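The values are calculated or read from the model by the stated rules, or taken from the named source; none is laboratory data. Treat the numbers as computed from the prediction; the structure is a model and nothing was measured. Here Cβ is always computed from backbone atoms with ideal geometry, including for glycine, and neighbour counts include all displayed protein chains. Note: accessible area is taken over every heavy atom of the protein model, side chains too, but ligands, DNA and RNA are not part of it. Shrake-Rupley method; radii C 1.70, N 1.55, O 1.52, S 1.80 Å.
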Amino acid sequence: MPVRVIVGCQWGDEGKGKVVDYFSEDADVVVRFQGGANAGHTVITESGDFVLHLLPSGILRAEKKCVIADGIVIDPEQLIKEIIFLRDMGVSVKGRLFISGKAHLVFPYHKYYDKYLEKLRKGKAIGTTGRGIGPAYTDRVARCGIRAYDLFDEELLKAKLDDNLKLKRSLSPDLNQVEEFGLKYNFDWINRFKEGMMDFIKDTSKILQNALVSGDSVLFEGAQGMMLDVDYGTYPYTTSSNTVSGGIPVNCGLAPFIPDETIGIVKAYTTRVGEGPFPTELNDEMGDILRKRGREFGATTGRPRRCGWLDFVALKYALKINGVNSIAMTKIDVLDGIERILICDGYRYKGKLIREFPNNINIIEECKPHYIEVSGWESETSSLLEFEDLPQNAKEYIDIIENTLEVPVSHISTGPFRHQMIKKCK
Ligand code: GDP
Ligand code: IMO
Ligand code: MG
């Protein structure tokens, strides 16, 4: 498969790490194209458990090339931590990791400012990961960001940092005394990590253009999820990048293209971390059951994830915007033994039943889910390898999903391990 895109179709944590690792086996290049260390992608291999924040999930397969593209905001400290962790686990990234020089860098002042803004928002906090993502993307569009290429010119780097910090301190004088807003602090900090990064910095746009021309198999790995997209998600309760597949060309320095396959990852139920509307959220015992069985605690922040039933209204919207032509359904095993499973097929809003995802957040916040009920299944799915062997009601659950969303479910993940994947014939 020359060009494959894999994106999350809910509010993140759908199991992208596991699914990307699975499909990396037949990729030559794996690319992260947006977001930063707010992502937490879990991959479990024979060598251990890995939570990747910045490195593409393909990095765990020794021969794969991996690209951190132009559209990423890189926290150098986190990047080096991840490279060292992998090295200690016996995984070398040398000669196969390529980092865009155009990617922006996340500094201590971004992370501080992220948390500072959250405090100022008081009751209206977004519930960010505190990884400096919003402030780093803000600097990018405000044209005062620092890019990976700037690491090659120490004087310029220092001058840019100085200008930037002065400007920020003059806008918020209470930051004057904050260590993270000092020039020396940030300059010393970046000097601890830059050597470890510089060898990897390349023109990744050219690398990817060449890969596509030579027919290499390229896999684009989304981070976050469709509903967290800065434009098309539940704004302003979103992240600060375009998580949709349409963001790939612009964030990778590529001309627009149609992928050979766009896989949308859909968890068998829904989760969300942070604030913002979530129509099918369960604030009851069933929510607790899903959280406990699905081990729904953030891979980046450890926060408990909010849990709820599957939401067809949001999913239909997500699949269309991303051009998803195949669904990888994850965590079906978490539903084993649940007697009654609900699926939201519409929203009730001011007495009306609506089936289109509203554009207006004020409306979404008032929507109440309208459910259909399906029977669950008793037996365990986690050891099954064939679709035919799934319990009848699990097959029916998948049938309803395919028929309603009008997209085939091509893969079903039944557990966190590599081999726990059912390939369903289309
Ligand atoms: P990502 O951000 O989309 O990569 O997802 P996370 O890694 O943050 O969260 C998904 C969690 O579910 C991880 O702990 C995975 O190991 C785990 N996981 C992935 N697929 C499955 C599955 O099919 N069943 C179960 N039980 N766990 C899974
Ligand atoms: P992966 O790739 C789930 C959420 C945060 C918050 C909002 C904004 O692992 O699926 P940010 O730090 O980006 O400014 O936070 O976005 N968020 C995620 N939720 N999974 C993620 O990544 C997320 N990355 C950001 O919780 O609600
Ligand atoms: Mg995650």
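Expressed as an acute angle from 0 to 90° and rounded to the nearest 10, what is the orientation of the C-alpha long axis of helix 392-405 relative to the principal long axis of the chain? Approximately 60 degrees, to the nearest ten.
Within the chain, what whole-number % of the accessible surface is contributed by carbon and sulfur, with the 1.4 Å probe and all protein chains included in the calculation? Could you put the intermediate results ahead of the total?
Details: 9260 of 18310 Å².
Carbon-and-sulfur percentage of accessible area, whole number: 51.
To test your reading of the geometry: what angle, between 0 and 90 degrees and rounded to tens, separates the Cα axis of helix 154-171 from the longest principal axis of the chain? Once rounded, one gets 70 degrees.
Remark: segment 104-197 carries 54 Å² of accessible area per residue (probe radius 1.4 Å; ligands, DNA and RNA excluded).
Could you tell me which trypsin sites (Lys or Arg not before Pro) in segment 111-218 are loop residues by DSSP with no more than 11 other beta carbons within 10 angstrom of their beta carbon?
Numbers: sites: K111, K115, K119, R121, K122, K124, R131, R140, R143, R147, K158, K160, K166, K168, R169, K184, R192, K194, K202, K206; in loops: R121, R131, R143.
Here the sparse-neighbourhood loop sites are R143.
Loop-located GluC sites (Glu not before Pro) in segment 351-380 (DSSP state not H, G, I, E or B) with no more than 12 neighbouring Cβ atoms inside 10 Å: E356, E378. Relative to the current alpha-carbon distance between E365 and T404, full extension at 0.36 nm per residue lengthens the span by 11.7 nm. Stretching the chain fully between K423 and L183 yields a gain of 81.1 nm (0.36 nm per residue, less the alpha carbon separation). From the square roots a ≥ b ≥ c of the eigenvalues of the alpha-carbon gyration tensor of segment 50-173, which class results: rounded (a/c under 1.5), prolate (a/b over b/c), or oblate? It comes out oblate by the Cα gyration axes.
Based on alpha-carbon positions alone, could you give the equivalent ellipsoid semi-axes of the chain from the gyration tensor, as √(5λ), descending, whole Å? Don't jump to the answer; show the numbers that get you there.
Values: eigenvalues 262, 134, 69 Å².
Listed largest to smallest, the semi-axes of the chain are 36, 26, 19 Å.
With the simple spin-label model, which puts each label point 7 Å out from Cα in the Cβ direction, the R143 to S375 separation comes to 6.5 nm.
Quote to one decimal, in nm, the extra length available between E154 and I84 on full extension: 0.36 nm per residue of separation minus the C-alpha distance between them. Don't skip to the answer; put the middle values down first.
Values: separation 70, 0.36 × 70 = 25.20 nm, distance 2.44 nm.
Stretched out fully, the E154 to I84 stretch lengthens by 22.8 nm.
Of K94/K158; K81/K194; K18/K81; K94/K194, which pairs sit farther than 18 Å apart, going by alpha carbon to alpha carbon? From the list (K94/K158; K81/K194; K18/K81; K94/K194), the Cα-Cα distance tops 18 Å for K94/K158; K18/K81. With only Cα atoms counted, segment 265-423 has Rg and Dmax values of 15.5, 47 Å.
Take segment 232-314, compute every pairwise Cα distance, and split them into 5 Å bins from 0; I just need the percent in each bin. P(r) for segment 232-314, in whole percents per bin: 3, 12, 18, 20, 18, 12, 10, 5, 2, 0.
Loop-located trypsin sites (Lys or Arg not before Pro) in segment 214-318 (DSSP state not H, G, I, E or B) with no more than 13 neighbouring Cβ atoms inside 10 Å: R295.
Shape verdict for segment 166-212, please, from the Cα gyration tensor: rounded (a/c under 1.5), prolate (a/b greater than b/c) or oblate. Oblate, because a/c is 1.5 or more while a/b does not exceed b/c.
Beyond a 26 Å Cα-Cα separation, which of these cross-linked pairs lie in this structure: K352/K424; K16/K320; K122/K316?
Too far apart for the 26 Å limit: K352/K424; K122/K316.
Annotation for segment 215-290 versus segment 355-395: alpha-carbon center distance of 18 Å. Quick check on segment 104-197: take the gyration tensor over C-alpha atoms, sort the square-rooted eigenvalues as a ≥ b ≥ c, and tell me if it's rounded (a/c under 1.5), prolate or oblate. It comes out prolate by the Cα gyration axes. Of the residues T330, T271, T138, the one that moves most in a GNM of the chain with alpha-carbon contacts below 10 Å is T138.
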